[in-house]
């Protein structure tokens, strides 16, 4: 089996491995069908699913290596209730309009590249074309094309260069030259908000309308992952391995072009410990710590759905966690993460009152609960010390749950202080009537927004300057201050795939506005030579210092250090320079 067949094949599974020795040695030792390097630390190994049992692999012992499933963090979906359809309010709110009224700065993102791992881009849209009709898009990597010409070092998908795109735009039938579409529209919207052209007749402008754009169109997750996590049919779902390869592609594109890079990630997941310790988190954190890069993510939109339960520690024998399961819910995965030396175990009571007791086994082990009076199975995988965090993890996979109130009895098996958290999947992977009866809206930032060094943007409403009710809230599970700042995320105006413009709500718009503004900072610092090297944490410091205060104690779980203001950033720079 060649690597391309393994990457697309529904009969192969994949997982991350560490590059502790030459990949050919690893492949030969373990008999993998294919290994593709991601970076110097990680690779992705592919194995035929029929060999999993004989190979000795199961979810219980490879949790950290199994790709997580990510959803779009809202945005890109039309808000028909929005009134004003204009970019001006958002540009005023983030201070970019004020910067443009200072002609000596003349900052529009020139010489900077903004990269996206998303749903693709409508390259024919006027928002991405120069005045002579050529494209502002540096390249597109479409991972969905199975028989294309892939970019160097990646081995799958189809790469379209700027030359390919310009040739298509010059033809009478562009789609015959470059058959590239954005069926979702999410990627087109996000790229446009960050870096679309100034289109005065349509009342639109991206934040950095002269920046180069590079886009990775992610392929949908394989069916075995959708089955593993019980992702509902029709839900847009993207797997962590493809995101990791996509981020590496963005970095290589910027290196080829010799331009500073802003990476904008507007997908999120509730899988993982909400502490920035996942593999994609680590990859993004590495780029955030590198020179001439800036990495942006949104907090997601999970705060208002009742998907997080937080315990401060029970005094009794157990703590009862009540979960309402809605009609027609086919299944879901939820994760319990403990922050102390306690070891927890779980018993479950079904809506009909059937109790299945816990198994008191402190080693890593699995338990299957089969309910007699319901057509429900619950698979529990216990990890005494999850490999990446060292904390206890219990993964609960609930198949065909009966509608009604389920009670999870969480027992503390040791007398240490501390607490635990449980997360349901992001709301895109659940029915709206499935939620905890006593939820906690805090610690609801979707990963990778909990990653330490990148810049995490929450969402607020411009009209009344209030936080968006669904915007994910901090801090991280291990207490790192997140989000960093807040940006407009309601009624954000951007390009529609297929033509025209529309308004949308959600974290994607906030992240895109922030990414565009960070491109202006990189232009001022690196392209103009005022500070030849700059990293994400330096930009983060400027954003925090220049933010508009919001009348509450900061940093806050909702606002971070305040509303982002790029004019305030340059005021901060002027103050520092004059001191």
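Applying the set (1) surrounded by fewer than 21 Cβ atoms within 10 Å (Cβ to Cβ); (2) touching a helix residue (DSSP H, G or I) at 6+ places or on another chain (Cβ under 9 Å); (3) over 13 Å from residue 305 (Cβ atoms) to residue 441 leaves exactly one unmet item: (3).
Which of the residues that make up segment 328-366 are in contact with a strand residue (DSSP E or B) (Cβ under 6 Å, 6 or more places away or on another chain) and without any contact (Cβ under 8 Å) to a residue 12 or more places away in the chain? 355, 357 - these are the residues of segment 328-366 that are in contact with a strand residue (DSSP E or B) (Cβ under 6 Å, 6 or more places away or on another chain) and without any contact (Cβ under 8 Å) to a residue 12 or more places away in the chain. From the list 489, 506, 449, the lone residue that is at pLDDT below 95 and closer than 11 Å to residue 300 by Cβ is 506. Being within 19 Å of the chain's Cα centre (by Cα), on the phi > 0 side of the Ramachandran plot and in contact (Cβ under 8 Å) with a residue 24 or more places away in the chain: is that true of residue 246 here? In short, no. Scanning segment 5-30 for residues that are touching a helix residue (DSSP H, G or I) at 6+ places or on another chain (Cβ under 9 Å), under 17 Å from residue 62 (Cα atoms) and not in a strand (DSSP E or B) yields 19, 20, 30. Within the set 152, 132, the sole residue that is at pLDDT below 95 and either surrounded by fewer than 20 Cβ atoms within 10 Å (Cβ to Cβ) or not assigned by TED's automatic domain parsing to the domain that holds residue 248 (or both) turns out to be 152. Any residue that is over 22 Å from the mean Cα position of the chain (by Cα) and under 23 Å from residue 519 (Cα atoms) - is there at least one of those in segment 176-192? The answer is no, given that none of the residues of segment 176-192 is over 22 Å from the mean Cα position of the chain (by Cα) and under 23 Å from residue 519 (Cα atoms). Considering each residue of segment 367-376 in turn, none proves to be outside the structural domain of residue 236 (by TED's automatic domain parsing), touching a helix residue (DSSP H, G or I) at 6+ places or on another chain (Cβ under 9 Å) and either without any contact (Cβ under 8 Å) to a residue 40 or more places away in the chain or surrounded by fewer than 20 Cβ atoms within 10 Å (Cβ to Cβ) (or both).
Taken together, the residues in segment 94-123 that are modelled with pLDDT under 95, farther than 18 Å from residue 564 by Cβ and touching a helix residue (DSSP H, G or I) at 6+ places or on another chain (Cβ under 7 Å) amount to 0.
Among the residues here, residue 201 qualifies as within 30 Å of residue 100 (Cβ to Cβ) and surrounded by fewer than 24 Cβ atoms within 10 Å (Cβ to Cβ). Is there a residue in segment 284-291 that is modelled with pLDDT of 95 or more, within 11 Å of the chain's Cα centre (by Cα) and more than 30 Å from residue 435 (Cα to Cα)? Yes: one or more hits.
Exactly one residue out of 313, 276, 301, 290 is in contact with a helix residue (DSSP H, G or I) (Cβ under 6 Å, 6 or more places away or on another chain), in contact (Cβ under 8 Å) with a residue 12 or more places away in the chain and part of a loop (DSSP other than H, G, I, E, B): that is 301.
When segment 65-90 is filtered for residues that are modelled with pLDDT under 85 and within 30 Å of residue 394 (Cβ to Cβ), only 74 remains. Only one residue in 190, 207, 216 is in contact with a helix residue (DSSP H, G or I) (Cβ under 9 Å, 6 or more places away or on another chain), in the same structural domain as residue 136 (by TED's automatic domain parsing), buried (at least 24 other Cβ atoms within 10 Å of the Cβ) and in a strand (DSSP E or B). Which one? The match here is 216.
Filtering segment 484-493 for residues that are touching a residue at least 12 places away in the same chain (Cβ under 8 Å), at positive phi and touching a helix residue (DSSP H, G or I) at 6+ places or on another chain (Cβ under 9 Å) leaves a non-empty set. Note on segment 299-321: residues that are touching a strand residue (DSSP E or B) at 6+ places or on another chain (Cβ under 7 Å) and at pLDDT below 95 total 5.
When segment 449-469 is filtered for residues that are under 29 Å from residue 92 (Cβ atoms), in contact with a strand residue (DSSP E or B) (Cβ under 8 Å, 6 or more places away or on another chain) and either part of a loop (DSSP other than H, G, I, E, B) or without any contact (Cβ under 8 Å) to a residue 40 or more places away in the chain (or both), the ones remaining, listed by number, are 449, 454, 461, 462, 465, 466, 468. Annotation: of all residues in segment 372-395 being in contact with a strand residue (DSSP E or B) (Cβ under 7 Å, 6 or more places away or on another chain) and part of a loop (DSSP other than H, G, I, E, B), the one that is farthest from residue 277 (Cα to Cα) is 376. Filtering segment 523-539 to residues that are under 17 Å from residue 284 (Cβ atoms) and buried (at least 22 other Cβ atoms within 10 Å of the Cβ) leaves 536, 539.
The values are calculated or read from the model by the stated rules, or taken from the named source; none is laboratory data. Being a predicted model, the structure only gives us computed values, none of them experimental. Virtual Cβ from ideal backbone geometry, glycine too; neighbours counted across all protein chains shown.
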